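J.: Below is a structure I'd like to ask you about.
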Amino acid sequence: MDPFVDLMQGFAAALTPKYLLVCFVGVLLGQIVGVLPGIGPSAAIALLLPLTYNSDPTAAIIMFAGVYYGAQYGGTLTSVLISVPGESSTVMTTVDGYQMALQGRGGVALGIAAIGSFIAGTLGTLGLMLLAPPLAKAALAFGPPEYFALVVLGLTALAAVGSSVMKGLTTGVAGLLLGTIGIDPQNGIARFDYGQIWLLDGVEFIVLTVALFGVGEVLASCTLGVLRPIVNIGSPFPTREDWRASRMPILRGSIIGFLIGVLPAAGATIASFISYIVEKRCAKDPSRFGRGAIEGVAGPESSNNAASAGAMVPMFALGVPGSGTTAVMLGALIMFGLRPGPEMFVQNSGLVWAVIASMYIGNVLLLIMNLPLAGVFARLLKVPYYWLYPPILALCVAGVYSQDNSIQDCWLLVAFGALGWMMKRYDWPAAPMILGLVLGPLFEENLRRAMDMSHGSGLIFVSRPISSLLLAAALLTLTVPALLAFLRDRRALAQA
Amino acid sequence: MQGRPAPGEVGLASIFAIVGVVWIAGAARMTIWDGGFAPDSGFLPLIYGILLTALSAITVVSLFWGDAAADAGAIAKPLLVLAAVLVAVIGLSVAGFGIAIFLMLLFLYAVVEKLPVVRSLLAAAGTTAVLYVVFKTWLGVPLPIGPLGI
């Protein structure tokens, strides 16, 4: 079907009062968690999972998507006003945004960030709409070896994003390993249940996600001190001169962000870094950067929003997350009994197009909220974290208990929460672990089916072109960062 | 060797390594390959166990080869907060959801954060009430009941 016809049907669904409301709630929550310290979009979605369990999956995914891209807007506020990035993807905004705020132009920085984010978010959604369906269509020809290779690519790509590939791989394998607890679906044998009936169903995705992103983040952030004083915002409306300087950075940022977001696990953070570097290279006077150049805000802010839309492309089309947050959303889709990947555009096209349409609507809502209401959201920065984290912990306990009415799940919450805290403390990424748990059964099922197909020959994974390409890409995601680090170290050693 | 890594991080990597060894031992008791084309129940757990142990070991070694890392940040407060959650989970089946969560919140506000008692009481009671209404009344979750019926 024509994507525009599908999109119109998506709008027909997304514009119903129920979905409009959940979209508004999602972007509002996203905006708030982006502003608040110690809680990010992954944690927010994790906390919402128990509340949306057994509800309408379309409504839930619209809300989660709203939280995801809304948080990019919210993170900007803290970057500009107190020089503390609310999200890792807004780190580059801090450089020039805070300088603009010190010069009394904080409102303009927020205004151009909101306008740039709106344009980039809309362009990114357009790209998602045009790119995801053909990608999914091509992927419909995938068999078990290709799915197996896709899972490998998803895991390695997500593992390679963090500070250490080795740590990412370790947590990814730990997630796969946790996925083997419970009944083996192939032959009904109980594995690693240690005689505990409650372990026969395995470790639930909600339990691990809430523990690592909820309890773990709270424990890592509960020592946060008092935030810096907030500078005055001023008018959020850019002048004609500001707009002229920002037009091209917004356009370039949108393109860079979308393309990087589409790459599995590259995500909004890398997109914003590259966009900043590109803007500095393109500038007539690069020395203005770091001293309040509006291009240094417009480019990265546009790119991080376009990347959020881009990250949805591999999630919907291939079932491979484009970022840590989409890894949690991917798990949510599986929790709702859906199978992310090429078949989603055929079997659940109503959901996919309603979510895509809601992203256009959400971007309009965020623009309306951010231009006149930036000052209102800035007041949230004054809420101390010590008032926030106890209710978050209580919500974690209640949410995990409610999922299966199980006290044992609450024990797991405490144990994995402690693990999540240690992982956060020493910069071990949690997203690969979640993804490992979620994709583990798919990985095992497709490995077995592929081996059956090939009569026990492992060559099937390298003899089929798409599968071998995906595995080569997986290998590259692991070797390229290691190679770059090696070259950087050698250069540093040579300069010393 | 360039520096001493943070003991906590070595401990974290060791936890993963131990889990890996446990999985290898568990998988060894299962059928790895029963002679058919596809692997059996023990195959992937064995592979995961070996991989996890190896990756954790490499990470530990790389920690010793990297720059010395500080064991940054306080641990007393996070441990106290974690203990409060642990006690609340124990209390769920003894005292019921309402009392266990209320006491956890009160402890965190009044003792850990040293906030004024009246404000702590109000915040703890308000949060517990909201959670109770959302989960019990709105979502219909049969929350654990204690001697006071909540």
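J.: For the range A:115-267, compute the orientation-averaged projected area of the C-alpha convex hull (one quarter of its surface), in nm². Each step should come with its number before you reach the end.
T.: Details: hull surface 60.9 nm².
Result: 15.2 nm².
J.: Can you tell me the orientation of helix A:144-161 relative to chain A, as the angle in degrees between its alpha-carbon axis and the longest Cα principal axis, to the nearest 10?
T.: That works out to roughly 40 degrees.
J.: What distance in nm separates the simple spin-label points at A:I197 and A:I277, each placed 7 Å from Cα in the Cβ direction?
T.: Those two pseudo-labels are separated by 5.7 nm.
J.: Provide the per-residue ³J(HN,Hα) series for the range A:325-330, in order, calculated from phi with Karplus coefficients 6.51, -1.76, 1.60 and θ = phi - 60°, each as a whole number of Hz, with x at glycine and proline positions.
T.: Once θ is set to phi - 60°, the couplings for the range A:325-330 become 5, 5, 5, 5, 5, 4 Hz.
J.: Something else now. Most exposed first by the Cβ proxy, i.e. fewest other Cβ within 10 Å, how do A:E444, A:E295, A:E301, A:E204 rank? List each step's numbers first, then the result.
T.: Details: A:E444 24, A:E295 27, A:E301 37, A:E204 19.
Ascending number of Cβ neighbours within 10 Å: A:E204, A:E444, A:E295, A:E301.
J.: Under 5 Å between amide H atoms, partner at least 5 residues away or on a different chain: which partners does A:R191 have, H built in plane at 1.01 Å?
T.: For A:R191, the qualifying residues are A:G182, A:I183, A:D184.
J.: What residues have an amide H closer than 5 Å to that of B:L115, excluding those fewer than 5 places away on the same chain, when H is modeled at 1.01 Å from N in the peptide plane?
T.: Those qualifying (amide H under 5 Å, at least 5 residues apart or on another chain) are B:A110.
J.: Which helices of chain B meet both criteria: a Cα extent of 18 Å or more along the helical axis and a mean Kyte-Doolittle score no lower than -1.0, with helices taken as whole DSSP H segments?
T.: Numbers: long enough: B:7-28 (31 Å, 1.70); B:43-65 (33 Å, 2.03); B:76-95 (27 Å, 2.34); B:117-132 (22 Å, 1.43).
Helix filter hits for chain B: B:7-28, B:43-65, B:76-95, B:117-132.
J.: Still on this model: Pairing the Cα long axis of helix A:349-378 with the longest principal axis of chain A, what angle in degrees results, from 0 to 90 and rounded to the nearest 10?
T.: 30
J.: Quick check on my link table: of A:K424/B:K114; A:K167/A:K382; A:K18/B:K136, which ones sit more than 30 Å apart, alpha carbon to alpha carbon? Before the final figure, lay out each step's value.
T.: On the way: A:K424/B:K114 26 Å; A:K167/A:K382 35 Å; A:K18/B:K136 23 Å.
Over 30 Å apart, Cα to Cα: A:K167/A:K382.
J.: Once R0 is set to 60 Å, what does the formula 1/(1 + (r/R0)^6) return for the Cβ-Cβ distance between A:D56 and A:A492, expressed as a FRET efficiency to the nearest 0.05?
T.: Values: r = 53 Å, r/R0 = 0.89.
With R0 = 60 Å, the Cβ-Cβ based efficiency is 0.65.
J.: Under a point spin-label approximation (7 Å from Cα along Cα-to-Cβ), what is the A:A485-B:A74 distance to one decimal in nm?
T.: 3.2
J.: Net charge around A:G292, counting only other residues with Cβ within less than 15 Å of its Cβ (Lys, Arg = +1; Asp, Glu = -1)?
T.: -3
J.: Now a separate question. Spin-label point model (7 Å from Cα, Cβ direction): what's the B:L121 to A:E445 distance in nm?
T.: Label at B:L121, label at A:E445, 5.5 nm between them.
J.: Now for a separate question. Give the calculated FRET efficiency between A:R240 and A:S287 to the nearest 0.05, with a Förster radius of 35 Å applied to their Cβ-Cβ distance.
T.: Working: r = 24 Å, r/R0 = 0.68.
After rounding to 0.05, the efficiency reads 0.90.
J.: Can I ask one more? Near A:G399, within a Cβ-to-Cβ distance under 15 Å, what is the net charge of the other residues, with Lys and Arg +1 and Asp and Glu -1?
T.: On the way: positive: B:K136; negative: A:E204, A:E217, A:D404, A:D409.
Around A:G399, the charge tally is -3.
J.: Please label the shape of chain B as rounded, prolate or oblate, based on the square roots a ≥ b ≥ c of the eigenvalues of the alpha-carbon gyration tensor (a/c under 1.5 means rounded; beyond that, a/b larger than b/c means prolate, else oblate). Could the numbers behind the result be given before it?
T.: Numbers: a/c = 4.06, a/b = 1.54, b/c = 2.64.
The shape class here is oblate.
J.: Expressed in nm², what is the orientationally averaged projection area of the convex hull enclosing the Cα positions of the range B:7-65? Intermediate values should be presented prior to the final figure.
T.: Values: hull surface 16.4 nm².
Over all viewing directions, the range B:7-65 projects a mean Cα-hull area of 4.1 nm².
J.: Compute the projected area of the convex hull of the Cα atoms of the range A:3-495, averaged over all viewing directions, and report it in nm² to one decimal place. Before the final figure, lay out the partial values.
T.: On the way: hull surface 95.4 nm².
Hull-based average projected area comes out at 23.9 nm².
J.: Could you give me the percent of Cα pairs per 10 Å distance bin for the range A:286-364, shortest bin first, beginning at zero and ending with the bin that holds the maximum distance?
T.: Spelled out per bin, shortest first, that is 17, 40, 22, 13, 7, 0.
J.: Fewest first, what order do A:K167, A:K424, B:K136 take by the number of other Cβ atoms within 10 Å? Please list the in-between numbers first.
T.: Numbers: A:K167 26, A:K424 21, B:K136 18.
Ranking A:K167, A:K424, B:K136 by Cβ neighbours within 10 Å, fewest first, gives B:K136, A:K424, A:K167.
J.: Between B:R4 and A:L20, what is the FRET efficiency for a Förster distance of 60 Å, r being their Cβ-Cβ separation, to the nearest 0.05? If you can, show how the numbers build up before the last one.
T.: Working: r = 56 Å, r/R0 = 0.94.
FRET efficiency, B:R4 to A:L20: 0.60.
J.: At 222 nm, what value in deg cm²/dmol follows for chain B if DSSP H runs of at least 4 each add -39500 (n - 2.57) and the sum is divided by all its residues, to the nearest 500?
T.: Working: 5 runs with 91 residues, N = 150.
Dividing the helical sum by the residues of chain B leaves -20500 deg cm²/dmol.
J.: Let me ask something else. Counting other C-beta atoms within 10 Å, which of B:E113, A:E279 has the fewest, and how do the rest follow?
T.: Details: B:E113 18, A:E279 28.
Fewest-to-most Cβ neighbours within 10 Å comes out as B:E113, A:E279.
J.: So what's the convex hull volume per residue for the Cα atoms of the range A:385-496, in Å³?
T.: On the way: hull volume 21.9 nm³, N = 112.
Taking only Cα atoms, the range A:385-496 has a hull volume of 195 Å³ per residue.
J.: Please report the spacing between the Cα centers of the range B:96-146 and the range A:158-216 in Å, no decimals.
T.: 30
J.: Calculated from DSSP H runs of 4 or more alone, at -39500 (n - 2.57) each and per residue, what is the 222 nm mean residue ellipticity of chain A, nearest 500?
T.: -24500 deg cm²/dmol
Values in this text are rule-based calculations from the coordinates and carry no lab data. Bear in mind that the values here come from a model prediction, so they are computed numbers and not experimental data. Note that we place each Cβ from the backbone using ideal geometry, even for glycine, and neighbour counts take in every protein chain shown.
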